[in-house]
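The values are calculated or read from the model by the stated rules, or taken from the named source; none is laboratory data. Everything numeric in this text was worked out from a predicted model, so none of it was measured. Cβ: placed from backbone, ideal geometry, glycine included. Neighbour counts: every protein chain shown.
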Amino acid sequence: MKKGLSLLIPIIAVVLIIGGYFVSTYNRLVKANEEVDVMWAQVESQYQRRFDLIENLVESVKGAMAQETEVFSKIAEARTRYSSAGTTDEKAQAVNGVESSLSRLLVIMENYPELNSLDTVKTLMSQIEGTENRIAVERQRYNDQVKVFNSDIKTVPTKWFASMFGMKERAYYESAEGAENAPKIDFPD
């Protein structure tokens, strides 16, 4: 009886240690996955701020720039695509459309100095610049958290548990192709 008990205690200890590691790993992965979702929510929050500011800017400038309706309609289309997007990738693509149109709008604003003298436009432009900085920071935080999560689920032995739990690599936020090029605006003479 003592021999059976002395054999059972180490087996129970090993099972508890493995089970504890299993539970601990699962909990850590769930927390890391949730942290990635939280970081993306922060990015989306800043996108919403941008959309609201852009709408106000567009309305403030629209009357003076009726000939630039293409830019305004592209901003509105991108905003609609963002609202109806279901996945992070679809939202990122829609945001890239907003960024492209916003870049064109900013170039147009530079070519219309009389608009820059309007206090409302100045304030909104300043708010948009600040929001763009916030977006950049939140995107970086998101990508940093994705890196932590992806690294965790790719390392041994966690990768075995991650695949058992159905946890997959998360996508980084990446700029749209061509985003490194400044938009070119040509005005008819």
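Which pairs turn up if I take residues in region 156-167 that are at negative phi and look for partners that are surrounded by 11 or more Cβ atoms within 10 Å (Cβ to Cβ) and among the charged types (D, E, K, R) with beta carbon separation below 6 Å, at least 6 apart in sequence or on another chain?
Sorted first by the residue in region 156-167, then by its partner, the pairs are THR158/ASP152.
Report every pair of residues separated by at least 6 positions or lying on different chains whose Cβ atoms are under 7 Å apart, first residue within region 25-41 and more than 18 Å from PRO157 (Cα to Cα), second in a helix (DSSP H, G or I) and modelled with pLDDT of 90 or more.
Sorted first by the residue in region 25-41, then by its partner, the pairs are GLU35/GLN145; VAL36/GLN145; VAL36/VAL146; VAL36/PHE149; MET39/ARG141; MET39/TYR142; MET39/GLN145; TRP40/TYR142.
Checking the condition modelled with pLDDT under 85 and under 25 Å from the mean Cα position of the chain (by Cα), which residue from ALA162, ALA171, ALA136, ALA182 passes? Spell out how you get there, then give the answer.
Values: ALA162 fails: modelled with pLDDT under 85; ALA171 fails: modelled with pLDDT under 85; ALA136 fails: modelled with pLDDT under 85.
So the residue among ALA162, ALA171, ALA136, ALA182 that is modelled with pLDDT under 85 and under 25 Å from the mean Cα position of the chain (by Cα) is ALA182.
Tell me the residue from PHE72, PHE22 that is surrounded by 17 or more Cβ atoms within 10 Å (Cβ to Cβ), of a type outside the set (Asp, Glu) and modelled with pLDDT under 90, please. Spell out how you get there, then give the answer.
Numbers: PHE22 fails: surrounded by 17 or more Cβ atoms within 10 Å (Cβ to Cβ).
Exactly one of PHE72, PHE22 is surrounded by 17 or more Cβ atoms within 10 Å (Cβ to Cβ), of a type outside the set (Asp, Glu) and modelled with pLDDT under 90, namely PHE72.
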